[in-house]
């Protein structure tokens, strides 16, 4: 068969991407395959466009422009129309495209995501997944977020093609739902309760295939638990269905015979998953695999690749723009220059002339810039060839500011093969350089040491530079200069921060030898003396700084700072110690510090920090804790910049100076908006505050403010930046993933394999999905790539009245939507919940602001961008027209009400059923707010209850498990007995002292999963519900500095139980296993809650 080619239809060569290299000629990342019912054509997506081609291969024709992102394609039964999801209005809506007229029609208008699953058998409706308001008796899955289920949608709806009227079909997350010809049986799969591209997971989080019988109203699970199965599609005879399953280890196509319940495997691919299954009425099937499309014709046993000729117009997305964003800034000793880092490049700005010079021009990232001691060069970390090294940039002209140089030269300064070198800092006297190796060890070199100039690469290096290109063995890095902090002192890579002493003899270093241990060590710059721990407390300590006269070392600590309700440290204060006894004595006697000259304030008096009598040498403790951004000591003056929340909910940035001798405070400014960072230079009498779009220079003497507007010229070449971002993601993941063996996955193979798709991806949603597919190979929780929707889209924002119409009550049938908009319920606390007379169940809504409304789509259109804006509703009640003015709220506000109703309905149910004996509290996440709520309810409303039900279903995690265990396991030692009234255990004022139990399900995620395991391992009480997948692992997230459109996350810090088992993928088995079946959910029955009540009453009887 002929090779597949890509034809670039370029009107102007200058605006087209260069031709793909010969090895990459065939188009890859072909997705969303959809066979026409007659089997003659196949639709698919490639580079943000929908294409159609003969199903046997050939020329593909673009159907859409590429200005939006289409996916989830499905055909009408008559082969004339495609339905799909697309985001021209910001979120995913359902659209149709006529293949005869090429006219697009929008079917849904809500700003939530709507994803089509199939046409109805008669072609008059499209089924789609969505999340809308529901009545309280069908609200079980309303607590399930997109993050709970990997993909959006907790209900199944149908929308009419003719008039856009819609109706709820099932109040459950029925994915890939499709009717048989008689519309009597509905196939669907349950959602994956993690990111949708995760592979090889064996837990109750994976999807399984179900069938709903419209006549009996029964739901039947067809595929087993703990084996992923999805995308069920009826065969052409409707005697069974095809689906994708991991039964063989990788996703392949399988067939299920409904008469015999036998399953047979049709494809046998390995190493990569089959995706995007599609079935034609003639018995053909097609799918995507390894970025390409395949077809398995009826009667054949081996699928054939569909070779396609794609005529594709590919304008370059390279662009030039001026950026106001900076990730880092560094003021110069020359007052009129500032360095900025933006989009991974480094810039120098002359703040007087507002002239900017771009110092780096690579696609890779540069960061950690510092001026050279003379102030005319910059040293920085740069990612080159897969590793960070140190590079120097300076003007070709002597003593020329970087911002004035028409051209700068970059020279390798320190490049160690196989090692990462970051965070360079020159000593104040300019003779030494400190840096971090591999994120975990601190080293110092003498830049005046001529013996260190050797370079095995043979390159001629400028004076005072060090470079090594020789291959390094394990531990070889220890020979680079002096090793001051070894890797065993740094449990998390990248957490080191340090500061040189003004006399250049010592460094103060923040280290983290174990999780939750944050110490401040002082090390000798020559490495000749043991380190001194100056913090010596069990709190968080960070950001050490020396006073300009070397007499005081200060740092930020949570020792003495405010705590939140859950007991976690939430704010820092500042603490300082005298460096030695002489420093303490001279300070108290106000002895002036001698200096070599007026311009250079380096102290000549000897004030090295010593361990002798350290605990007697506290210099100060700033009597206020807060969100400190930066601070600096100069003489008696402690300069501080912090963030403060206002009563209006905003954040302001303040600057003040605290006299530690007089213990007096004077404000410098209080009016700056929220800051991204700050730098205080008391020796220069200046502070710099980085706010949105500018840096404000503040004179510390006069408090005068001078704005420095950030305008940085960025040459954004998308393809090399995307590749650099991808490679940086691969590197970060390999270095930080929670298992050093990468879970036995061949990370090198898979990362290189997925890299080959990059030239074929022109949008960030596909880029995010590509990362998710790669991460899916790791079979771990908390993984995913997330593409940012491109700017320029008109974003819908549907406001909500809180009205629930009859169309939003699931009818569990294929009937057409009910006519008219009759109120079926009113959300408590919502704008519509005015009083008993204003709006009532049974009222018919006929108009909004005088414009007629007939269906839910009309309502969504007229409430778009109407949050907090009063609207006039026209209704009919018993034949009479009435009007009512209501002010809708935004989606987030309504979501909070939905969550509150979810809990209160269950709380009131438990209270009524147990006559108040059982307390019920729901925790939506593991946050301080959740703990406040638990303590308020359990020790307040329910203090006389005899047992507690703690519900963590659909809990998205956070950081609370230890606190909850403490709250639930305190023991009574003594009672406080008043003269009158009730006695109480002393511990009961902050802990629950009675029996408890937990309800959990397979969507109890992250810290909710860990808490469940803690709770069971410690035998605190019984757990009721479903098996809980092991997802108790700390997560870290990044975005690449060089690329603006994608972010990603992965687990990096594991939990292990006392047996040494990872919590990750360790599924918890409840003490009482109970599932909420679809039939029960539809009828408003919470079987798990009923079982919990029964178990709680049993606990009371036993106690």
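Computed from the coordinates by the stated procedures, all read-outs in this text should not be read as laboratory data. Small disclaimer: the values here were computed from a predicted structure and weren't measured. A quick note on method: Cβ atoms are made from the backbone with ideal geometry, for glycine too, and the neighbour counts reach across all protein chains shown.
For the chain, what's the relative contact order in percent, using C-alpha pairs closer than 8 Å and at least 6 residues apart?
Relative contact order here is 9 percent.
What is the distance in Å between the Cα centres of region 721-779 and region 886-925?
About 41 Å separates the Cα centre of region 721-779 from the one of region 886-925.
Please report 429, 114, 858 as a ranked list, fewest other C-beta atoms within 10 angstrom at the top and most at the bottom.
429, 858, 114
To the nearest 10 degrees, how steep is helix 764-776 against the longest Cα principal axis of the chain, on a 0 to 90 scale?
The two axes meet at around 90 degrees.
Packing-wise, with mean Cβ within 10 Å as the measure, how do 77-86, 184-193 rank, highest first?
184-193, 77-86
If I take R0 = 22 Å and measure r between the Cβ atoms of residue 324 and residue 671 in this structure, what FRET efficiency does the formula 1/(1 + (r/R0)^6) give, to the nearest 0.05?
With R0 = 22 Å, the Cβ-Cβ based efficiency is 0.60.
For a protection proxy built on the mean count of beta-carbon atoms within 10 angstrom, sort 664-675, 1033-1044, 649-660 highest first, please.
Per-residue Cβ counts within 10 Å, averaged per peptide and sorted highest first, yield 1033-1044, 649-660, 664-675.
What is the Cα centroid distance between region 61-116 and region 833-864, reported in whole angstrom?
Result: 28 Å between the Cα centres.
Enter the mean projected area of the convex hull around the alpha-carbon atoms of region 603-681, in nm², rounded to one decimal.
If I average the Cα hull's projected area over directions, I get 7.1 nm².
At q = 0.11, 0.12 Å⁻¹, work out log10 I(q)/I(0) for region 5-312 with the Debye formula, treating every Cα as an identical point scatterer and leaving solvent out; two decimals please.
-0.66, -0.79
As a check on your grasp of the helix formula, calculate [θ] at 222 nm for the chain: sum -39500 (n - 2.57) over DSSP H runs of n ≥ 4, divide by the residue count, round to the nearest 500.
Calculated mean residue ellipticity at 222 nm is -3500 deg cm²/dmol.
Between region 310-342 and region 1024-1103, what is the C-alpha centre distance in whole Å?
43 Å
Any chance you could give the angle, 0 to 90 degrees and rounded to 10, that helix 1007-1017 forms with the longest Cα principal axis of the chain?
90 degrees
Provide 489, 878, 1080 in ascending order of the number of other Cβ atoms located within 10 Å of each residue's Cβ, fewest first.
Ordered by Cβ neighbours within 10 Å, fewest first: 878, 1080, 489.
Given contacts defined as C-alpha pairs under 8 Å and at least six residues apart, what's the relative contact order of region 1003-1094, whole-number percent?
30 percent
With a cut-off of 8 Å between alpha carbons and a minimum separation of six or more residues, what is the relative contact order of region 5-312 in percent?
16 percent
Out of these labelled values of Kirkwood radius over Cα pairs in Å, (i) 32.9; (ii) 36.7; (iii) 43.4, which was calculated from the coordinates shown here?
Among (i) 32.9; (ii) 36.7; (iii) 43.4, the one derived from this structure is (i).
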